[in-house]
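The values are calculated or read from the model by the stated rules, or taken from the named source; none is laboratory data. Computed from a predicted structure; not experimentally measured. Glycine also receives a Cβ, built like all others from the backbone with ideal geometry; neighbour counts cover every protein chain displayed.
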Amino acid sequence: MADIELDERSPLVATDRQDRPTLAIVSTWQEVCGIAHYSALLKKALSSHFDITVLPAPRAVVSAGGPAAEERIRAIAEAAATFDHVNIQYEPGIYGPDVATVNRRIAAIVRAAKNVTITFHYLPRLARPASKAVLFGMLLRGRIFRTVRLLKAERAEHEAWQNLLDVMRAKAADGNLGIVVHQPADADYLRALVPGARIAETPLIYLDDAGRRDLYAKAKVSQLQERLPPRKLDETRYLGVFGFLQKSKGFETAIEALQFLPETYELLVFASLHPAAIPQYASHDPYLRKLTNLVAKKGLAPRVHFMGAQSDDDLLLGMMVCDAVLLPYRSTDQVASGPMGQALDLNRRVLATRNRTFVTVAHYRGPIFEFCDLGNPLEYAAKIPWVTKERTDRDVHGLRFVEYPPLPQRHTTQTTAAAYRFAMGTLAPGNAR
């Protein structure tokens, strides 16, 4: 089944059905977005088991309030009702400007679907109210309006999650709810909150063998070579950081590590500001300004290259030209990392913060990357040379691919498909990991 557009001229109705059960994937689609990229892999991985349609939720439309966003959600919900299975890729920033709006919209799709599976890329614990001591202290300091706003925000967020959980529990009670998560703790948490749901755990996987082979052909048509800085020396080695420019990524640690490495090492920043995170009329972004000031202060401008926004294909090619991928993330409530999944799929040498997110990745995928302590540039600088010493260089249509002996992979697109099929109720228990 073809991917369909949501507008008045093309109503969302499932057509051209075959013998396989039908599946609708609700997600961003064909955007510069990690969820859209993941959904493309998921569609491919499940295509032999389901007749798949993508119900796109364009971030530019749905992440806002207003009639256009509400109409798009209504159309998605109506279309979802016509499919045997519906998968919702849950990432709050996609579906609305605040938690209450997001969860109300997700609940509408869940209610409409016959059999629904939700993939939680973000799952906060139900917010604990601020302590009485904190509230009393705020009142003593005369912050009455701030205290009232805090209490209202806490209540609104709590009610938003409770309402969505009520809808999920009702669906689970009928045997029609599946959940996919990326952390064991999230699975245990939801088992307690939503009894009866089919819950599967799986890490983020982005590429299969065919996708890896396709990169060699994509290098032939890519213009990345023209955008890369000229190599000053034959021994020049690139390190790479990837993703949106935001303080949770800890890119400053990668910049600081560069000053403790030989001048043959340079840093490629394959990152850009997220469009939704740029305030109206802003003259600059504080975090980006912090990074550029750090580069200037350390005298590293000749060795740090901001590559800006790139296509999905060029981001993957960018990983291939780097000796190592650095993920010096801060400690956050993220449950997974797109760049981490992509780098491991590509057999990159990865150095990452020892935080909850990446410890969980290691739990699933094995010890195939190197940990460094939070914010320690000296540890990154010390480990990079020996982690990358087994490299070989290969010219691929003008791009220098850095290749390594393959590392064992516990999870593949096949295990991802099995996890989703279990969550959808089409695969027996015991085959979900």
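Brief remarks follow.
- Helices (runs of 4 or more DSSP H) fully within region 49-107 that include at least 2 residues being at pLDDT 95 or above and either basic (K, R) or surrounded by fewer than 21 Cβ atoms within 10 Å (Cβ to Cβ) (or both): 67-80.
- Considering G211, G243, the condition of being buried (at least 19 other Cβ atoms within 10 Å of the Cβ) and at pLDDT below 95 is satisfied by G243 alone.
- Qualifying residue in region 323-335 (condition: part of a helix (DSSP H, G or I) and either modelled with pLDDT under 95 or buried (at least 16 other Cβ atoms within 10 Å of the Cβ) (or both)): no
- Filter result for G299 (on the phi > 0 side of the Ramachandran plot, under 25 Å from the mean Cα position of the chain (by Cα) and surrounded by fewer than 16 Cβ atoms within 10 Å (Cβ to Cβ)): no
- Just one of (1) assigned to a helix (DSSP H, G or I); (2) in contact with a Gly (Cβ under 9 Å, 6 or more places away or on another chain) fails for G240. It is (1).
- Within region 197-219, the set of residues being in contact with a Gly (Cβ under 9 Å, 6 or more places away or on another chain) and of a type in the set (K, R) comprises R198 only.
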